[in-house]
Amino acid sequence: MEQKEEKRISKAIIQRLPRYYRYLGELMGQGVDRISSGEFSKMMGITASQIRQDLNNFGGFGQQGYGYNVKNLYEEIGKILGIDRIHNMIIVGAGNFGKALAGYSDFEKRGFKIKALFDSDSEKVGRCYSGIETMPMDIIKSYIRDNDIEIVALTVPKHAAIEIAEELSDTGIKGIWNFAHTDLNVPDSIEVENVHLSESIMRLCYNMLRNTGSRK
């Protein structure tokens, strides 16, 4: 089905797509062939109308009286998200968090291939973490170009993240997964996904307080 222009799709819908994909994957694992929007609604905790509206932005995939074919919908959402193919990525920063990311097996299952770690610490260079070699920073630009790297994950302090992002902006990368608590100045051609853990836990705290207050 023909997809509508990307600019018409709201950020809220895009944020829900990975969750649809995860639940559909679980249904496939359970041997479920099809599901109605009402049944899907109970699993997701959002209304059936919202699910139908979300999917209709991409042409709609269900049939009245039949529901959704789980496998087909899973594959179509995978295409929409762009995870129906391999995306090569590297991690910059072989500290505890960078090493933890390198060891997360679900990345490759989702089409994200971690090719290498990079670090400025000479004691870490040459070491392998979860089977992934750590390389020196002075070859990072040539490595990106030679290995078709699309995504760079930054797990370094914020001052280093700013410098590295600027340095790599002309290498042809398409996205930066930024775990540093700072905003990055990169060309519009590079997508940046910021993961600010402190902001996340503050939102959790706010929602906890609001939920507690609603029960008084």
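Just name the residue that is most open to solvent (accessible area, probe 1.4 Å) out of those in the stretch 77-98 that are without any contact (Cβ under 8 Å) to a residue 40 or more places away in the chain and not in a loop (DSSP other than H, G, I, E, B).
Asn96
I'm told Glu133 meets every condition in (1) touching a residue at least 24 places away in the same chain (Cβ under 8 Å); (2) not in a helix (DSSP H, G or I) except one. Can you identify the failing condition by its number?
Failed condition: (1).
Only one of Lys158, Lys124, Lys115, Lys109 is at pLDDT 95 or above, open to solvent by 60 Å² or more (accessible area, probe 1.4 Å) and either within 30 Å of Glu75 (Cα to Cα) or touching a Ser or Thr at 6+ places or on another chain (Cβ under 7 Å) (or both); which? Spell out how you get there, then give the answer.
Values: Lys158 fails: at pLDDT 95 or above; Lys124 fails: open to solvent by 60 Å² or more (accessible area, probe 1.4 Å); Lys109 fails: at pLDDT 95 or above.
The match here is Lys115.
Tyr74 passes all but one of (1) in a helix (DSSP H, G or I); (2) open to solvent by less than 10 Å² (accessible area, probe 1.4 Å); (3) aromatic (Phe, Trp, Tyr); (4) out of contact with any strand residue (DSSP E or B) (no Cβ under 9 Å at 6 or more places or on another chain); which number fails?
All conditions pass for Tyr74, except number (2).
Could you tell me how many of the residues in the stretch 157-206 are among the aliphatic types (A, V, I, L, M) and part of a helix (DSSP H, G or I)? Before you say what the answer is, go through the steps one by one.
Residues of the stretch 157-206 among the aliphatic types (A, V, I, L, M): 160-162, 164-165, 168, 173, 176, 180, 184, 186, 190, 192, 195, 197, 201-202, 204.
Applying the additional criterion that residues be part of a helix (DSSP H, G or I) yields 160-162, 164-165, 168, 197, 201-202, 204.
So the answer is 10.
Quick one: is Gly67 surrounded by 14 or more Cβ atoms within 10 Å (Cβ to Cβ), in contact with a strand residue (DSSP E or B) (Cβ under 8 Å, 6 or more places away or on another chain) and on the phi > 0 side of the Ramachandran plot?
Values: surrounded by 14 or more Cβ atoms within 10 Å (Cβ to Cβ): yes; in contact with a strand residue (DSSP E or B) (Cβ under 8 Å, 6 or more places away or on another chain): yes; on the phi > 0 side of the Ramachandran plot: yes.
Yes: the conditions hold for Gly67.
In the stretch 52-64, what count of residues is obtained for those that are surrounded by 15 or more Cβ atoms within 10 Å (Cβ to Cβ), in contact (Cβ under 8 Å) with a residue 40 or more places away in the chain and out of contact with any strand residue (DSSP E or B) (no Cβ under 9 Å at 6 or more places or on another chain)? First the steps, then the outcome.
Step one: list which residues in the stretch 52-64 are surrounded by 15 or more Cβ atoms within 10 Å (Cβ to Cβ), which gives 52, 54-55, 57-58, 61-62.
If we keep only those that are in contact (Cβ under 8 Å) with a residue 40 or more places away in the chain too, we end up with 54, 57-58, 61.
With the extra rule that they be out of contact with any strand residue (DSSP E or B) (no Cβ under 9 Å at 6 or more places or on another chain), the set shrinks to 54, 57-58.
Counting residues in the stretch 52-64 that are surrounded by 15 or more Cβ atoms within 10 Å (Cβ to Cβ), in contact (Cβ under 8 Å) with a residue 40 or more places away in the chain and out of contact with any strand residue (DSSP E or B) (no Cβ under 9 Å at 6 or more places or on another chain) gives 3.
The values are calculated or read from the model by the stated rules, or taken from the named source; none is laboratory data. Since this is a predicted model, take the numbers as computed values, not measurements. When we count neighbours, we look across all protein chains shown, and the Cβ atoms used for this are built from the backbone with ideal geometry, even at glycine. Ligands, DNA and RNA are excluded from the accessible area calculation, which covers all protein heavy atoms including side chains. Shrake-Rupley method; radii C 1.70, N 1.55, O 1.52, S 1.80 Å.
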